[in-house]
Amino acid sequence: MGWKAAQRLIKNWKVLRGDNVMIIRGKDKGETGLIKRVIRSQNRVIVEGKNLVKKHIKQGQGHEGGIFTVEAPLHVSNVQILDPVTGKPCKTGIRYLEDGTKVRVSRGQGTSGSIIPRPEILKLRTTPRPTVAGPKDTSMDLVLEKTYDPKTGKGMPDL
């Protein structure tokens, strides 16, 4: 990727893995599917079962070769999130609820303005958090130890 393309990377993503989207441009225009993967370094998404291309793979050690059908990435501008109430493609906005939580809402003409829920797949962790401390983890008694007292100046380095 050149430096011009790197300048145009999307900073605030409105689509997430697991969102239900409609393809609005390309050979699969008008079809809907779930986002399988988001490639943020290229501003692209892979939609499950859409934008299929043939890929020739050479035979190697441990795998067989042949012609396979794989999903190719789509540019993020070619997909739009579906409104959960109307089922039509819509733009997304951000709103804060009374309790301070940040939610995505559908916006634009002919949309319901309803909340777009966060996909359930994002709530699942692929690797579980460690329950026991490892050999390189800092022990809790060292973490909670007070090393500087502002009133007495104890712990201040001599400069």
Paramagnetic label zone (point 7 Å from Cα along Cα-to-C-beta, residue 115; backbone N under 11 Å) in segment 61-82: none
Cβ-Cβ FRET estimate between residue 40 and residue 95, R0 fixed at 30 Å, reported to 0.05: 0.80
Under-5 Å amide H pairs with residue 88, H placed in peptide plane, nonlocal only: 83
CD proxy at 222 nm, helix term only [per DSSP H run n ≥ 4: -39500 (n - 2.57); per residue of the chain; nearest 500]: -1000 deg cm²/dmol
Convex hull of segment 79-136 built on C-alpha atoms - directionally averaged projected area, nm²: 6.9
Cα gyration tensor shape of segment 1-85, rounded if a/c is under 1.5, else prolate or oblate by comparing a/b with b/c: oblate
Listed peptides 111-119, 14-22, 146-154, 129-137 by packing density, highest first (mean Cβ within 10 Å): 14-22, 111-119, 146-154, 129-137
Net dipole in debye of the chain [+1 Lys, Arg Cβ; -1 Asp, Glu Cβ; about Cα centre; nearest 20]: 780
Gyration tensor (Cα) of the chain, equivalent ellipsoid semi-axes in angstrom: 43, 28, 17
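Every number here is computed from the coordinates shown, using simple stated rules; none is lab data. All figures in this text were calculated on a predicted structure; none of them were measured in a lab. Note: ideal-geometry Cβ built from the backbone for every residue, glycine included; neighbour counts use all protein chains shown.
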